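Taken together, the values in this text are just the output of simple stated rules run on the coordinates, not laboratory data. Keep in mind it's a predicted model, so treat the numbers as computed, not measured. Note that we place each Cβ from the backbone using ideal geometry, even for glycine, and neighbour counts take in every protein chain shown.
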Amino acid sequence: MAKQLEWIEKELDNLKEAGLYNRIRTLDSPQGAWLVVDGKRVLNFCSNNYLGLANHPRLLEAARKAMEKYGLGPAAVRTIAGTMELHLEFEERMAKFKKVDSSISLQSGFNANLATIPALVGKEDVIFSDELNHASIIDGSRLSGAQIVRYAHCDPADLKRQLDQHRQKFPRALVITDGVFSMDGDIAPLDQIYEIVQNYEAVLMVDDAHGEGVLGQGGRGIVDHFHLHGKVDIEVGTLSKAFGVVGGVVAGNPLVVEWLRQRGRPFLFSSAMTVPDTAACIAALDLLEESTELVDRLWENARYFKAEMKTLGFDTGLSATPITPVMLGEAPLAQQFSRELFDNGVFAMAIGFPTVPRGKARIRVMISAAHERADLDRGLEVFKQVGKNLGVI
Ligand SMILES: *Cc1c(COP(=O)(O)O)cnc(C)c1O
């Protein structure tokens with residue numbers, strides 16, 4: 001083996017020993033309530049397919065039609081020859097849906113953060129960041145070179161303390177929080193954060209990846225949930241969760257959007273969103289504007305599942321959204337729980353350190369509008385059986 005790469009083999013062995021090696025399961029079916037995973041038909045409690053749009057006939061049809069007209073790829077960055085009518089239509093429709101002035105599409109939610117943060121702050125400046133913010137916010141923040149000040153998770157009082165202590169030392173400041181935190185399913189107190197931030201001449205940015213299509217009226221997101229239109233400067237979103245495709249979006253103040261067209265590096269140096277993704281997203285907006293049925297069903301399913309899990313005696317933590325953690329404590333127990341669920345036809349991930357703190361390992365159940373009541377009942381039955389077997393309930 002190449003000597004210069006031997007260290008990788010050692011590191012991989014270390015991961016395996018520590019139980020941190022990713023064994024990646026393979027799907028042989030579309031996304032939906034049921035999947036074929038590693039050759040086995042299982043109930044899906046893992047995907048971010050909140051509204052069942054990842055394989056929705058209306059989105060597929062829109063993607064097919066657009067491909068007939070525009071082909072597949074953009075073959076260029078947006079600023080050279082990659083901007084199609086479709087992109088502009090999507091951006092206009094998305095802004096209207098979210099009741100804000102402007103939006104811009106990126107290739108993913110991850111890229112949306114990498115584009116936005118370094119465009120707004122640099123080496124001289126400061127970022128105030130919730131300690132549990134997503135990896136793409138952390139990476140975007142590091143890339144900016146700004147000083148990063150963490151505040152305690154969802155704690156506006158601590159944010160205020162940090163602003164008092166550090167704000168005036170820097171010319172520009174950016175306050176960033178996840179909207180919905182993906183491991184606990186709790187919602188950032190964005191109304192209180194806004195009230196504080198507006199006194200400090202700081203830009204306010206929320207990453208609503210898990211709130212897009214989930215929170216707010218008909219899935220309009222966290223800014224709509226708290227009625228903060230025009231007050232939150234920047235709402236970053238992903239189209240790769242509830243919207244069922246792959247893409248990212250930044251919505252909010254038109255000045256920021258215009259600046260990203262000039263200075264957002266993933267916008268300038270990485271090709272545009274693909275044709276089928278963009279067209280499918282427009283169809284998703286059509287669906288959400290026509291009816292709140294899918295969003296209503298998602299929440300009804302989430303409420304039902306959580307209530308029944310509590311009745312069974314499980315601890316579902318702090319969740320205020322369809323993300324349902326099932327708190328188990330130690331990582332080996334969570335892993336064994338997940339394996340036994342899978343053996344019994346239920347696919348739900350175990351999550352342990354370092355993704356969540358030590359002693360807070362859990363199974364994370366992702367509820368979807370694609371689930372029928374009978375699917376949820378089947379899942380509850382298997383959770384009950386495995387929970388009893390392992391002495392959890
Ligand atoms: C999933 C997620 C992202 C990444 O979105 P992609 O479109 O998959 O790149 C970014 N931020 C948060 C908070 C997320 O949960």
Could you please let me know if residue 279 is within 16 Å of the ligand (Cβ to nearest atom) and crowded, with 24+ Cβ neighbours inside 10 Å?
no
May I ask you to list the residues in segment 171-201 that are buried (at least 21 other Cβ atoms within 10 Å of the Cβ) and either β-branched (Val, Ile, Thr) or more than 16 Å from the ligand (Cβ to nearest atom) (or both)?
173, 175, 176, 177, 180, 187, 193, 197
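A quick yes/no check of all residues on (1) in contact with a helix residue (DSSP H, G or I) (Cβ under 9 Å, 6 or more places away or on another chain); (2) more than 19 Å from residue 254 (Cα to Cα):
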{"position": "95", "(1), (2)": "yes, no"}
{"position": "99", "(1), (2)": "yes, no"}
{"position": "103", "(1), (2)": "yes, no"}
{"position": "106", "(1), (2)": "yes, no"}
{"position": "112", "(1), (2)": "yes, no"}
{"position": "123", "(1), (2)": "yes, yes"}
{"position": "126", "(1), (2)": "yes, yes"}
{"position": "132", "(1), (2)": "no, yes"}
{"position": "135", "(1), (2)": "yes, yes"}
Odd one out for residue 138, checked against (1) aliphatic (A, V, I, L, M); (2) within 17 Å of the chain's Cα centre (by Cα); (3) surrounded by 18 or more Cβ atoms within 10 Å (Cβ to Cβ):
(3)
Hits in segment 138-169 (condition: charged (D, E, K, R) and either within 19 Å of residue 198 (Cα to Cα) or in contact with a Phe, Trp or Tyr (Cβ under 7 Å, 6 or more places away or on another chain) (or both))
150, 155, 158, 160, 161, 164, 167, 169
Residue list for segment 78-115, restricted to those being under 25 Å from residue 217 (Cβ atoms) and of a type in the set (Val, Ile, Thr)
100, 104
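Within segment 91-146, restricting attention to residues that are in a loop (DSSP other than H, G, I, E, B) and closer than 21 Å to residue 170 by Cα, which residue is nearest to the ligand (Cβ to nearest atom)? So that I can check it myself, show each step before the final result.
Residues of segment 91-146 in a loop (DSSP other than H, G, I, E, B): 99-101, 107-108, 121-125, 131-134, 145-146.
Applying the additional criterion that residues be closer than 21 Å to residue 170 by Cα yields 121-125, 131, 145-146.
Working: 121: 18, 122: 22, 123: 24, 124: 26, 125: 21, 131: 14, 145: 21, 146: 18 Å.
In this case the residue turns out to be 131.
Within segment 203-212, can one find any residue that is more than 12 Å from the ligand (Cβ to nearest atom) and closer than 20 Å to residue 107 by Cβ? Reasoning before the result, please.
Step one: of segment 203-212, the residues more than 12 Å from the ligand (Cβ to nearest atom) are 203-204.
Now drop any that are not closer than 20 Å to residue 107 by Cβ, which leaves none.
No: zero hits.
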Report, by residue number, each residue of segment 221-249 that is part of a loop (DSSP other than H, G, I, E, B) and of a type in the set (Ser, Thr, Tyr).
240
